[in-house]
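The values are calculated or read from the model by the stated rules, or taken from the named source; none is laboratory data. If you're wondering where the values come from, they're calculated on a predicted model, not measured in any experiment. All Cβ positions, even for glycine, are placed from backbone atoms using ideal geometry, and neighbour counts span all protein chains on display. SASA here: full protein model, heavy atoms, side chains in, ligands and nucleic acids out. Shrake-Rupley method; radii C 1.70, N 1.55, O 1.52, S 1.80 Å.
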Amino acid sequence: MKGGVRLYRAPRGTSDILPREQVYWRYIEQKVANVCQLYGYERIDTPVFEDTRLFARSIGEETDIVTKEMYTFEDRGGNQLTLRPEGTAPVCRAYLEHGLHNLPQPVKLYYIASIFRYERPQAGRYRQHHQFGYEAIGDGDPALDAEVIDMTWQLFASLNLHHLSLQLNSIGCKQCRPPYLAVLKDYYANYARDLCADCKTRLRRNPLRLLDCKQPLCQQIANSAPRSIDHLCQQCEAHFDRLKKYLGLLALPFTVNHRLVRGLDYYTRTVFEIQPEEEGAQSTLGGGGRYDDLIEELGGKPTPAAGFAAGLERIIHNLKKQNVPIPALPRPQVFIAYIGDEARDEAVKLASMLRRAGIAVIEAFGNKSLKAQLRQANTLGSRQAVIIGEEEIKTGTVILRDMTTSQQKPIPISQLERELR
Ligand code: AMP
């Protein structure tokens with residue numbers, strides 16, 4: 001701050017994650033790591049930016065993300081780069097680059113990463129947000145789709161989030177989707193004049209996305225539109241039937257939603273989303289599905305795959321809304337106070353000694369009164385204060401104060417570590 005004027009703010013659509021918020025982030029990361037371990041997924045981290053073509057190619061040239069939302073720039077070497085607008089394509093790129101197809105398939109990977117999209121910022125929609133996601137690459141068995149969906153459902157259960165719905169659809173494959181899109185376009189041709197401006201463009205360029213428009217009139221039209229599941233080829237139909245059977249065996253409560261299509265072009269067959277029951281599609285917590293052609297599209301051999309990704313900010317919003325109890329993060333329980341300069345030297349030594357012994361402590365600094373130091377200990381929530389004064393230095397002791405009861409007792413320094421444990 002200079003002269004009371006705030007010079008800099010976080011860029012629009014981005015946020016600082018302050019210490020008081022970190023507890024939610026650690027909570028989610030921990031649950032994600034636990035569930036991923038249970039299902040055999042290993043962590044991968046990829047660069048924040050990639051070759052622009054990777055995303056244009058995989059997400060789809062006509063999608064909102066690629067046409068309007070990418071943070072693309074040229075670096076000083078003239079390379080066209082884009083800040084990661086989603087997590088799947090980078091993982092597939094890494095799978096190919098590092099020859100992971102030589103490992104037993106499917107290769108199961110998960111990530112937690114920041115995602116960048118130039119969107120109009122609003123509640124639950126930011127320009128930088130964070131996703132965790134997981135990808136199982138190298139198997140086409142519908143049992144794998146079921147496992148990914150089961151894992152997702154277990155993850156949300158382990159987060160203690162309730163009132164969620166599991167929406168499911170199949171959007172077919174290279175063979176059966178083009179004829180379906182033709183039927184869809186025929187249907188929509190009758191309503192072309194009633195569609196919103198975006199849908200008029202979608203009708204020409206990306207007809208599948210007509211189905212998930214949020215405008216009321218477009219929604220009405222979409223409700224009666226031809227359904228992809230009625231136009232699946234035999235293999236896609238059999239795949240979908242098997243998947244539904246497995247989900248039944250796992251007692252997962254899914255709803256088939258023929259308007260569920262997802263915003264990225266690489267999906268084939270299975271698509272699914274997790275939505276809060278009341279709020280509907282605009283507040284989707286996460287989505288995923290199968291993407292059997294993506295690896296080949298990126299230059300690999302035909303390699304079926306499935307995955308899921310969810311937004312951490314939206315999960316945190318729901319954790320707060322549902323008042324889910326979040327365990328506190330560990331913080332130092334011991335505060336070291338001192339009276340006088342000589343005691344300060346002792347405090348510096350003592351703090352270091354305790355930390356080396358693995359006991360977290362907070363040291364008082366400056367020339368504050370003992371009262372002020374203890375007030376600080378209170379505000380920090382310390383359970384115990386170790387007080388050093390001149391008298392204590394002479395006798396090789398400290399005073400141990402229980403911050404809850406305010407009771408104090410002298411203790412020889414040699415016994416302090418044991419006492420604090
Ligand atoms: P998508 O990659 O669009 O399927 O998004 C996966 C999940 O990420 C969504 O369900 C949201 O939870 C979250 N998400 C997507 N875009 C944003 C955004 N702009 N701001 C916050 N969360 C987002």
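Worth a mention:
- Being of a type in the set (Lys, Arg) and away from the ligand (no atom under 16 Å from the Cβ) is a property that holds for Arg344.
- Screening Leu208 against (1) at pLDDT below 95; (2) open to solvent by less than 40 Å² (accessible area, probe 1.4 Å); (3) in a loop (DSSP other than H, G, I, E, B) leaves a single unmet condition, (3).
- Qualifying positions in the range 64-86 - of a type in the set (D, E, K, R), open to solvent by 60 Å² or more (accessible area, probe 1.4 Å) and closer than 25 Å to Leu210 by Cα: Lys68
- Test: residue in the range 82-90 that is assigned by TED's automatic domain parsing to the domain that holds Ile315, more than 18 Å from the chain's Cα centre (by Cα) and farther than 21 Å from Ala305 by Cα: yes
- Test: residue in the range 305-323 that is open to solvent by less than 40 Å² (accessible area, probe 1.4 Å), away from the ligand (no atom under 16 Å from the Cβ) and at negative phi: no
- The residues of the range 47-82 that are modelled with pLDDT under 95, of a type in the set (S, T, N, Q) and not in a helix (DSSP H, G or I) amount to a single one, Thr63.
- Enumeration of residues in the range 381-394 that are closer than 11 Å to Gln333 by Cα and open to solvent by 50 Å² or more (accessible area, probe 1.4 Å): Arg383
- Ala225 meets all of the listed conditions (1) part of a loop (DSSP other than H, G, I, E, B); (2) assigned by TED's automatic domain parsing to the domain that holds Leu54; (3) over 30 Å from His162 (Cβ atoms) but one, namely (2).
- Gly40 vs. criteria over 13 Å from Ile112 (Cβ atoms), within 18 Å of the chain's Cα centre (by Cα) and touching a residue at least 60 places away in the same chain (Cβ under 8 Å): no
- Residue selection: Arg314 fails the criterion of being without any contact (Cβ under 8 Å) to a residue 60 or more places away in the chain and of a type outside the set (A, V, I, L, M, F, W, C).
- Answer residue from the range 245-290, given it is assigned to a loop (DSSP other than H, G, I, E, B) and within 16 Å of Ala146 (Cβ to Cβ) and is farthest from the ligand (Cβ to nearest atom) among those: Ala251
- Single unsatisfied condition, Phe240 versus (1) within 16 Å of the ligand (Cβ to nearest atom); (2) crowded, with 21+ Cβ neighbours inside 10 Å: (1)
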